[in-house]
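Enquirer: Below is a structure I'd like to ask you about.
The values are calculated or read from the model by the stated rules, or taken from the named source; none is laboratory data. These numbers come from a predicted model, not from an experiment. Every residue, glycine among them, receives a Cβ derived from its backbone with ideal geometry; neighbour counts consider all protein chains shown. Heavy atoms of the whole protein, side chains included, go into the accessibility calculation; ligands, DNA and RNA do not. Shrake-Rupley method; radii C 1.70, N 1.55, O 1.52, S 1.80 Å.
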Amino acid sequence: MREPRMSTKAIWAGEKDYLAFGATQVPVVHSVSYGYEDMDEWYEVAIGNKKGHIYGRNTNPTVEAFEDKIRILEGAEAATSFSTGMAAISNTLGTFLFPGDRVVSIKDTYGGTNKIFSEFLPKQNIDVSLCETGNHEAIEEEIAKGCQVLYLETPTNPTVKITDIERMVKAGKAVGAIVIVDNTFATPVNQNPLDFGVDLVIHSATKYLGGHADALGGSLCGSKELVEQVYHYREINGATLDPMAAYLLLRGMKTLKLRVDKQNQNAMMVAEHLKTIDGVEAVFYPGLPEHQGHEIAKKQMRGFGGMLSFSVKGGVDTVRHLLPKLKFANRAANLGAVETIVGPSRTTSHVECTPEERAAMGIPEGLIRYSAGIEDIEDLLADLDQAFQALPENLFVR
(Lines give C-alpha, C1' and ligand atoms only; values in the text may rest on other atoms or scores of the structure.)
Protein backbone atom coordinates (compact mmCIF):
# COMPACT_ATOMS: atom_id res chain seq x y z
CA MET A 1 0.00 0.00 0.00
CA ARG A 2 1.34 3.43 -0.91
CA GLU A 3 2.19 6.12 1.65
CA PRO A 4 -0.93 8.10 2.69
CA ARG A 5 -1.10 11.70 1.50
CA MET A 6 -1.07 14.74 3.76
CA SER A 7 -4.84 15.13 4.26
CA THR A 8 -5.14 11.47 5.26
CA LYS A 9 -2.14 11.70 7.59
CA ALA A 10 -3.53 14.82 9.23
CA ILE A 11 -6.69 12.91 10.14
CA TRP A 12 -5.42 9.43 10.99
CA ALA A 13 -1.73 9.68 11.92
CA GLY A 14 -0.70 8.95 15.47
CA GLU A 15 -4.15 8.28 16.92
CA LYS A 16 -4.94 4.56 16.68
CA ASP A 17 -2.69 3.50 19.56
CA TYR A 18 -4.34 5.99 21.92
CA LEU A 19 -8.02 5.17 21.38
CA ALA A 20 -9.86 3.57 24.30
CA PHE A 21 -13.23 1.96 25.10
CA GLY A 22 -14.14 1.80 21.41
CA ALA A 23 -13.94 5.58 21.05
CA THR A 24 -13.06 7.03 17.65
CA GLN A 25 -11.38 10.10 19.18
CA VAL A 26 -8.32 10.30 21.42
CA PRO A 27 -9.43 10.80 25.04
CA VAL A 28 -8.28 13.67 27.23
CA VAL A 29 -6.35 12.07 30.09
CA HIS A 30 -6.17 14.52 32.98
CA SER A 31 -4.48 12.20 35.47
CA VAL A 32 -1.30 13.62 36.97
CA SER A 33 0.04 10.28 38.13
CA TYR A 34 -0.13 6.65 36.95
CA GLY A 35 -0.23 3.75 39.38
CA TYR A 36 1.47 0.33 39.29
CA GLU A 37 0.87 -2.78 41.37
CA ASP A 38 4.11 -4.37 40.24
CA MET A 39 7.14 -2.48 41.58
CA ASP A 40 9.47 -3.89 38.96
CA GLU A 41 7.16 -2.88 36.12
CA TRP A 42 6.91 0.62 37.63
CA TYR A 43 10.69 0.85 37.70
CA GLU A 44 11.05 -0.31 34.09
CA VAL A 45 8.57 2.34 32.94
CA ALA A 46 10.24 4.99 35.08
CA ILE A 47 13.68 4.43 33.52
CA GLY A 48 12.27 4.17 30.00
CA ASN A 49 12.79 0.47 29.41
CA LYS A 50 9.05 -0.13 29.05
CA LYS A 51 6.35 1.98 27.44
CA GLY A 52 4.04 3.76 29.86
CA HIS A 53 3.55 6.85 31.98
CA ILE A 54 4.46 7.75 35.54
CA TYR A 55 3.86 11.50 35.98
CA GLY A 56 2.13 14.19 33.94
CA ARG A 57 5.08 16.56 33.79
CA ASN A 58 7.01 13.88 31.93
CA THR A 59 4.49 12.26 29.59
CA ASN A 60 0.75 11.94 29.03
CA PRO A 61 -1.26 9.74 26.60
CA THR A 62 -3.14 12.64 24.96
CA VAL A 63 0.04 14.67 24.64
CA GLU A 64 1.86 11.67 23.20
CA ALA A 65 -0.81 11.30 20.50
CA PHE A 66 -0.24 14.93 19.48
CA GLU A 67 3.53 14.32 19.37
CA ASP A 68 3.05 11.27 17.17
CA LYS A 69 0.85 13.17 14.72
CA ILE A 70 3.27 16.08 14.21
CA ARG A 71 6.18 13.62 14.03
CA ILE A 72 4.51 11.79 11.16
CA LEU A 73 3.48 14.99 9.36
CA GLU A 74 7.09 16.25 9.48
CA GLY A 75 8.55 12.87 8.55
CA ALA A 76 10.64 12.79 11.74
CA GLU A 77 12.09 9.98 13.81
CA ALA A 78 10.93 11.55 17.09
CA ALA A 79 9.00 14.49 18.50
CA THR A 80 8.33 16.16 21.82
CA SER A 81 6.01 18.95 22.92
CA PHE A 82 5.90 22.09 25.04
CA SER A 83 3.46 24.42 26.75
CA THR A 84 3.98 27.15 24.10
CA GLY A 85 5.91 27.85 20.93
CA MET A 86 8.37 30.04 22.84
CA ALA A 87 8.92 27.19 25.29
CA ALA A 88 9.85 25.00 22.34
CA ILE A 89 12.35 27.61 21.14
CA SER A 90 13.86 28.48 24.52
CA ASN A 91 14.12 24.86 25.69
CA THR A 92 15.75 23.77 22.45
CA LEU A 93 18.32 26.56 22.51
CA GLY A 94 18.86 25.96 26.24
CA THR A 95 19.64 22.31 25.57
CA PHE A 96 22.38 22.88 23.02
CA LEU A 97 24.01 26.22 23.94
CA PHE A 98 26.46 26.71 26.81
CA PRO A 99 28.72 29.57 27.99
CA GLY A 100 31.42 30.16 25.39
CA ASP A 101 29.32 28.72 22.54
CA ARG A 102 28.28 30.58 19.42
CA VAL A 103 24.96 30.68 17.57
CA VAL A 104 24.32 32.13 14.11
CA SER A 105 20.86 33.27 13.09
CA ILE A 106 19.05 35.97 11.11
CA LYS A 107 17.76 39.38 12.12
CA ASP A 108 14.16 38.74 11.07
CA THR A 109 13.15 36.07 13.56
CA TYR A 110 9.98 36.38 15.63
CA GLY A 111 10.26 39.09 18.29
CA GLY A 112 10.40 36.69 21.23
CA THR A 113 13.10 34.66 19.53
CA ASN A 114 15.02 37.82 18.74
CA LYS A 115 14.87 38.79 22.43
CA ILE A 116 16.46 35.46 23.38
CA PHE A 117 19.28 36.19 20.93
CA SER A 118 19.73 39.85 21.79
CA GLU A 119 19.03 39.87 25.54
CA PHE A 120 19.16 36.49 27.27
CA LEU A 121 21.87 34.45 25.53
CA PRO A 122 24.53 37.20 25.76
CA LYS A 123 24.00 37.23 29.55
CA GLN A 124 25.04 33.58 29.53
CA ASN A 125 28.27 34.41 27.69
CA ILE A 126 26.95 32.92 24.45
CA ASP A 127 28.12 34.70 21.30
CA VAL A 128 25.23 35.59 18.99
CA SER A 129 25.65 36.61 15.35
CA LEU A 130 22.48 37.89 13.66
CA CYS A 131 22.82 38.24 9.89
CA GLU A 132 20.82 40.06 7.25
CA THR A 133 18.04 37.73 6.21
CA GLY A 134 18.40 36.72 2.59
CA ASN A 135 22.10 37.60 2.41
CA HIS A 136 23.23 34.01 2.13
CA GLU A 137 26.87 34.91 1.54
CA ALA A 138 27.02 36.91 4.78
CA ILE A 139 25.35 34.09 6.71
CA GLU A 140 27.80 31.57 5.28
CA GLU A 141 30.73 33.78 6.30
CA GLU A 142 29.49 33.88 9.88
CA ILE A 143 28.83 30.14 9.95
CA ALA A 144 32.34 29.45 8.64
CA LYS A 145 33.77 31.20 11.74
CA GLY A 146 32.31 28.31 13.73
CA CYS A 147 29.09 27.83 15.66
CA GLN A 148 27.32 25.17 17.68
CA VAL A 149 23.84 26.10 16.48
CA LEU A 150 22.46 27.57 13.26
CA TYR A 151 18.91 28.81 13.84
CA LEU A 152 16.65 29.77 10.94
CA GLU A 153 13.06 30.87 10.46
CA THR A 154 11.59 30.69 6.97
CA PRO A 155 9.31 32.33 6.02
CA THR A 156 10.06 34.94 8.66
CA ASN A 157 7.66 36.71 10.97
CA PRO A 158 6.41 39.29 9.94
CA THR A 159 8.23 40.22 6.73
CA VAL A 160 7.92 36.71 5.22
CA LYS A 161 11.51 36.65 3.99
CA ILE A 162 12.89 33.36 2.68
CA THR A 163 16.13 31.57 3.47
CA ASP A 164 17.58 28.81 1.29
CA ILE A 165 17.38 25.87 3.70
CA GLU A 166 19.47 23.42 1.69
CA ARG A 167 22.26 25.94 1.18
CA MET A 168 22.36 26.89 4.86
CA VAL A 169 22.32 23.25 5.96
CA LYS A 170 25.40 22.60 3.86
CA ALA A 171 27.21 25.51 5.49
CA GLY A 172 26.09 24.50 8.98
CA LYS A 173 27.09 20.87 8.60
CA ALA A 174 30.55 21.92 7.39
CA VAL A 175 31.29 23.28 10.87
CA GLY A 176 29.36 20.64 12.82
CA ALA A 177 26.47 22.89 13.82
CA ILE A 178 23.01 21.68 14.82
CA VAL A 179 20.62 23.25 12.29
CA ILE A 180 17.22 24.27 13.63
CA VAL A 181 14.34 25.68 11.58
CA ASP A 182 11.15 27.32 12.85
CA ASN A 183 8.53 25.99 10.42
CA THR A 184 5.52 27.70 12.00
CA PHE A 185 4.61 29.92 9.05
CA ALA A 186 5.03 27.23 6.42
CA THR A 187 3.47 24.26 8.28
CA PRO A 188 4.20 20.65 7.27
CA VAL A 189 1.68 21.12 4.45
CA ASN A 190 3.90 23.61 2.63
CA GLN A 191 7.41 22.65 3.75
CA ASN A 192 9.33 19.84 5.45
CA PRO A 193 12.76 21.17 6.49
CA LEU A 194 13.99 17.71 7.52
CA ASP A 195 13.90 16.76 3.83
CA PHE A 196 16.70 19.28 3.27
CA GLY A 197 18.95 17.92 6.01
CA VAL A 198 17.79 20.10 8.91
CA ASP A 199 18.34 18.52 12.33
CA LEU A 200 15.37 19.90 14.26
CA VAL A 201 12.06 21.53 13.29
CA ILE A 202 10.12 23.76 15.65
CA HIS A 203 6.45 24.76 15.56
CA SER A 204 4.36 27.13 17.57
CA ALA A 205 1.42 24.71 17.55
CA THR A 206 -0.75 27.56 18.79
CA LYS A 207 -0.87 28.86 15.23
CA TYR A 208 -1.63 26.76 12.14
CA LEU A 209 -1.45 23.31 13.76
CA GLY A 210 -4.30 24.11 16.14
CA GLY A 211 -5.87 26.55 13.73
CA HIS A 212 -8.67 27.79 15.99
CA ALA A 213 -6.89 30.17 18.39
CA ASP A 214 -8.02 28.19 21.44
CA ALA A 215 -4.93 26.24 22.57
CA LEU A 216 -1.31 27.08 23.37
CA GLY A 217 1.42 24.62 22.48
CA GLY A 218 4.76 23.96 20.84
CA SER A 219 6.52 21.04 19.22
CA LEU A 220 9.96 19.83 18.19
CA CYS A 221 10.68 17.15 15.57
CA GLY A 222 13.92 15.51 14.50
CA SER A 223 16.25 12.64 15.25
CA LYS A 224 15.61 10.49 18.32
CA GLU A 225 19.02 11.34 19.74
CA LEU A 226 18.54 15.12 19.62
CA VAL A 227 14.86 15.17 20.56
CA GLU A 228 15.51 13.03 23.64
CA GLN A 229 18.06 15.57 24.85
CA VAL A 230 15.55 18.40 24.53
CA TYR A 231 12.82 16.26 26.10
CA HIS A 232 15.03 15.71 29.14
CA TYR A 233 15.65 19.46 29.45
CA ARG A 234 11.92 20.14 29.13
CA GLU A 235 10.79 17.46 31.60
CA ILE A 236 13.09 18.90 34.26
CA ASN A 237 12.33 22.55 33.53
CA GLY A 238 8.61 21.82 33.38
CA ALA A 239 7.28 23.51 30.22
CA THR A 240 4.81 20.66 29.74
CA LEU A 241 1.94 20.68 27.22
CA ASP A 242 -1.45 20.49 28.94
CA PRO A 243 -3.52 17.43 27.93
CA MET A 244 -6.62 19.50 27.12
CA ALA A 245 -4.52 21.73 24.87
CA ALA A 246 -3.07 18.61 23.25
CA TYR A 247 -6.60 17.38 22.52
CA LEU A 248 -7.60 20.70 20.96
CA LEU A 249 -4.44 20.71 18.85
CA LEU A 250 -5.12 17.14 17.72
CA ARG A 251 -8.65 18.07 16.73
CA GLY A 252 -7.45 21.14 14.85
CA MET A 253 -4.77 19.21 12.98
CA LYS A 254 -7.36 16.96 11.36
CA THR A 255 -8.27 19.85 9.04
CA LEU A 256 -4.73 21.21 8.67
CA LYS A 257 -4.39 20.39 4.97
CA LEU A 258 -7.84 21.74 4.10
CA ARG A 259 -7.26 24.96 6.03
CA VAL A 260 -3.75 25.64 4.79
CA ASP A 261 -4.65 24.99 1.16
CA LYS A 262 -7.44 27.57 1.41
CA GLN A 263 -5.23 30.02 3.31
CA ASN A 264 -2.54 29.68 0.65
CA GLN A 265 -5.08 30.60 -2.01
CA ASN A 266 -6.57 33.48 -0.06
CA ALA A 267 -3.19 34.98 0.87
CA MET A 268 -2.05 34.92 -2.76
CA MET A 269 -5.18 36.71 -3.95
CA VAL A 270 -5.08 39.25 -1.09
CA ALA A 271 -1.42 40.00 -1.87
CA GLU A 272 -2.17 40.55 -5.54
CA HIS A 273 -5.18 42.72 -4.70
CA LEU A 274 -3.28 44.89 -2.23
CA LYS A 275 -0.85 45.83 -5.00
CA THR A 276 -3.73 47.59 -6.77
CA ILE A 277 -4.84 49.67 -3.78
CA ASP A 278 -3.75 53.28 -3.42
CA GLY A 279 -2.29 53.81 0.00
CA VAL A 280 -0.37 50.53 0.02
CA GLU A 281 3.37 51.17 -0.24
CA ALA A 282 4.62 47.60 -0.50
CA VAL A 283 3.33 44.04 -0.25
CA PHE A 284 5.44 41.20 1.14
CA TYR A 285 4.46 37.68 0.11
CA PRO A 286 6.77 34.94 -1.23
CA GLY A 287 4.17 33.91 -3.79
CA LEU A 288 4.59 37.19 -5.66
CA PRO A 289 7.10 36.87 -8.53
CA GLU A 290 8.79 40.13 -7.49
CA HIS A 291 9.39 38.91 -3.92
CA GLN A 292 13.12 38.65 -3.23
CA GLY A 293 12.83 35.04 -2.09
CA HIS A 294 10.28 33.87 -4.65
CA GLU A 295 12.56 31.52 -6.57
CA ILE A 296 13.92 29.93 -3.40
CA ALA A 297 10.39 29.53 -2.04
CA LYS A 298 9.34 27.80 -5.27
CA LYS A 299 12.22 25.36 -4.79
CA GLN A 300 11.60 24.39 -1.17
CA MET A 301 7.89 25.05 -0.55
CA ARG A 302 4.79 23.31 -1.92
CA GLY A 303 2.67 26.38 -1.14
CA PHE A 304 3.55 29.95 -0.21
CA GLY A 305 1.61 30.10 3.06
CA GLY A 306 -1.27 32.04 4.52
CA MET A 307 0.84 34.89 5.91
CA LEU A 308 1.66 38.19 4.25
CA SER A 309 2.41 41.72 5.33
CA PHE A 310 2.08 45.14 3.75
CA SER A 311 3.16 48.67 4.55
CA VAL A 312 0.83 51.64 4.18
CA LYS A 313 1.33 55.28 3.31
CA GLY A 314 0.88 57.46 6.34
CA GLY A 315 2.49 54.94 8.67
CA VAL A 316 1.04 54.41 12.13
CA ASP A 317 -1.72 56.99 11.63
CA THR A 318 -3.08 55.02 8.68
CA VAL A 319 -2.83 51.77 10.65
CA ARG A 320 -4.88 53.33 13.47
CA HIS A 321 -7.65 54.32 11.08
CA LEU A 322 -7.57 51.31 8.75
CA LEU A 323 -7.64 48.25 10.98
CA PRO A 324 -10.80 49.12 12.97
CA LYS A 325 -12.66 49.50 9.67
CA LEU A 326 -12.07 45.87 8.64
CA LYS A 327 -15.22 43.81 9.23
CA PHE A 328 -13.83 40.33 8.57
CA ALA A 329 -10.59 40.40 10.56
CA ASN A 330 -9.73 40.07 14.21
CA ARG A 331 -7.31 42.70 15.44
CA ALA A 332 -5.26 40.40 17.63
CA ALA A 333 -1.77 39.10 18.40
CA ASN A 334 -2.14 35.71 16.79
CA LEU A 335 -2.01 34.06 13.37
CA GLY A 336 -2.86 30.88 11.51
CA ALA A 337 -6.49 30.62 12.63
CA VAL A 338 -9.56 29.96 10.50
CA GLU A 339 -10.53 33.61 10.72
CA THR A 340 -8.43 36.40 9.22
CA ILE A 341 -6.24 38.18 11.78
CA VAL A 342 -4.49 41.51 11.33
CA GLY A 343 -2.19 43.68 13.40
CA PRO A 344 0.91 45.87 13.28
CA SER A 345 4.19 44.30 14.35
CA ARG A 346 4.45 46.93 17.10
CA THR A 347 1.58 45.17 18.93
CA THR A 348 1.98 41.59 17.66
CA SER A 349 5.16 39.81 16.58
CA HIS A 350 7.61 42.44 17.84
CA VAL A 351 5.77 44.10 20.71
CA GLU A 352 8.75 43.27 22.96
CA CYS A 353 11.07 45.35 20.78
CA THR A 354 11.61 49.11 20.74
CA PRO A 355 10.85 51.15 17.60
CA GLU A 356 14.60 51.42 17.06
CA GLU A 357 15.03 47.64 17.30
CA ARG A 358 12.17 47.10 14.86
CA ALA A 359 13.68 49.60 12.44
CA ALA A 360 17.02 47.79 12.63
CA MET A 361 15.21 44.61 11.62
CA GLY A 362 13.62 46.32 8.66
CA ILE A 363 10.15 46.46 10.19
CA PRO A 364 8.47 49.86 9.62
CA GLU A 365 5.92 51.09 12.15
CA GLY A 366 3.37 51.18 9.34
CA LEU A 367 3.73 47.44 8.59
CA ILE A 368 0.56 45.36 8.91
CA ARG A 369 0.74 41.60 9.37
CA TYR A 370 -2.14 39.81 7.65
CA SER A 371 -2.99 36.20 8.45
CA ALA A 372 -5.45 35.06 5.80
CA GLY A 373 -8.32 32.97 7.07
CA ILE A 374 -10.59 30.58 5.21
CA GLU A 375 -13.36 33.06 4.45
CA ASP A 376 -14.70 33.53 0.91
CA ILE A 377 -12.02 35.49 -0.91
CA GLU A 378 -14.56 37.89 -2.46
CA ASP A 379 -15.53 39.01 1.04
CA LEU A 380 -11.93 39.56 2.13
CA LEU A 381 -11.10 41.64 -0.95
CA ALA A 382 -14.26 43.72 -0.65
CA ASP A 383 -13.53 44.26 3.03
CA LEU A 384 -10.08 45.63 2.24
CA ASP A 385 -11.54 47.93 -0.43
CA GLN A 386 -14.19 49.42 1.83
CA ALA A 387 -11.70 49.91 4.68
CA PHE A 388 -9.24 51.83 2.48
CA GLN A 389 -12.02 53.84 0.86
CA ALA A 390 -13.24 54.95 4.28
CA LEU A 391 -9.87 56.43 5.29
CA PRO A 392 -9.63 60.20 5.80
CA GLU A 393 -8.28 61.80 2.64
CA ASN A 394 -5.55 63.71 4.45
CA LEU A 395 -3.76 60.54 5.56
CA PHE A 396 -2.06 60.12 2.20
CA VAL A 397 -2.40 61.25 -1.36
CA ARG A 398 -4.47 58.84 -3.41
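Enquirer: Please work out which one of (1) in contact (Cβ under 8 Å) with a residue 60 or more places away in the chain; (2) open to solvent by less than 20 Å² (accessible area, probe 1.4 Å) is the condition Val45 fails and give its number.
Expert: Failed condition: (1).
Enquirer: Within segment 46-62, identify whether any single residue is among the polar types (S, T, N, Q), within 24 Å of the chain's Cα centre (by Cα) and under 22 Å from Ala213 (Cβ atoms), and answer yes or no.
Expert: yes
Enquirer: Hey, which of the helices (runs of 4 or more DSSP H) in segment 18-104, taking only ones fully inside, have at least 3 residues that are under 23 Å from Gln124 (Cα atoms)?
Expert: Answer list for segment 18-104: 85-96.
Enquirer: Given (1) open to solvent by less than 20 Å² (accessible area, probe 1.4 Å); (2) touching a helix residue (DSSP H, G or I) at 6+ places or on another chain (Cβ under 8 Å), where does Ile126 come up short, assuming only one miss?
Expert: Failing condition for Ile126: (2).
Enquirer: While we're here: Going residue by residue through segment 277-292, is there one that turns out to be more than 19 Å from Val181 (Cβ to Cβ) and part of a helix (DSSP H, G or I)?
Expert: Among the residues of segment 277-292, not one is more than 19 Å from Val181 (Cβ to Cβ) and part of a helix (DSSP H, G or I), which makes the answer no.
Enquirer: Determine if segment 132-139 includes at least one residue that is open to solvent by 10 Å² or more (accessible area, probe 1.4 Å) and under 19 Å from Arg369 (Cβ atoms).
Expert: For segment 132-139, residues open to solvent by 10 Å² or more (accessible area, probe 1.4 Å) and under 19 Å from Arg369 (Cβ atoms): present.
Enquirer: May I pose another question? Checking the conditions here, which among Ser105, Ser118, Ser83, Ser90 is open to solvent by 30 Å² or more (accessible area, probe 1.4 Å) and farther than 27 Å from Leu256 by Cα?
Expert: Among Ser105, Ser118, Ser83, Ser90, only Ser118 is open to solvent by 30 Å² or more (accessible area, probe 1.4 Å) and farther than 27 Å from Leu256 by Cα.
Enquirer: Can you report the number of residues in segment 171-206 which are assigned to a loop (DSSP other than H, G, I, E, B) and either free of Cβ contacts under 8 Å to residues at least 60 places away in the same chain or open to solvent by less than 10 Å² (accessible area, probe 1.4 Å) (or both)?
Expert: Number of matching residues: 10.
Enquirer: Any idea which of (1) open to solvent by less than 10 Å² (accessible area, probe 1.4 Å); (2) hydrophobic (A, V, I, L, M, F, W, C); (3) under 20 Å from the mean Cα position of the chain (by Cα) is the one Ile143 doesn't satisfy?
Expert: (3)
Enquirer: Now for a separate question. Only one of (1) closer than 25 Å to Ser33 by Cα; (2) crowded, with 22+ Cβ neighbours inside 10 Å; (3) without any contact (Cβ under 8 Å) to a residue 40 or more places away in the chain is not met by Ala65, so which one is it?
Expert: (3)
Enquirer: Write out, first by first residue and then by second, each pair whose Cβ atoms fall under 7 Å of each other, whose residues are 6+ apart or on separate chains, and whose first residue, in segment 268-279, is over 19 Å from Met307 (Cβ atoms) and of a type outside the set (Phe, Trp, Tyr) while the second is open to solvent by less than 40 Å² (accessible area, probe 1.4 Å) and part of a helix (DSSP H, G or I).
Expert: Cβ pairs passing all conditions: Gly279/Thr318; Gly279/Phe388.
Enquirer: Any residue at all in segment 92-109 that's in contact with a helix residue (DSSP H, G or I) (Cβ under 8 Å, 6 or more places away or on another chain) and farther than 23 Å from Asp199 by Cα?
Expert: No, every residue in segment 92-109 fails to be in contact with a helix residue (DSSP H, G or I) (Cβ under 8 Å, 6 or more places away or on another chain) and farther than 23 Å from Asp199 by Cα.
Enquirer: Would you be able to tell me the number of residues in segment 253-286 that are at pLDDT 95 or above, more than 18 Å from the chain's Cα centre (by Cα) and open to solvent by less than 10 Å² (accessible area, probe 1.4 Å)?
Expert: Residues meeting the conditions: 4.
Enquirer: Output the residue which, of all residues in segment 173-202 that are touching a strand residue (DSSP E or B) at 6+ places or on another chain (Cβ under 8 Å) and small (Gly, Ala, Ser), is nearest to Phe96 (Cα to Cα).
Expert: Among those that are touching a strand residue (DSSP E or B) at 6+ places or on another chain (Cβ under 8 Å) and small (Gly, Ala, Ser), it is Ala177.
Enquirer: Answer yes or no: is there a residue in segment 215-222 that is in contact (Cβ under 8 Å) with a residue 40 or more places away in the chain and either surrounded by fewer than 18 Cβ atoms within 10 Å (Cβ to Cβ) or outside any strand (DSSP E or B) (or both).
Expert: Yes, segment 215-222 has at least one match.
Enquirer: Filter segment 293-349 for residues that are at positive phi and either of a type in the set (Asp, Glu) or part of a loop (DSSP other than H, G, I, E, B) (or both) and give the result.
Expert: Gly305, Gly314, Gly336
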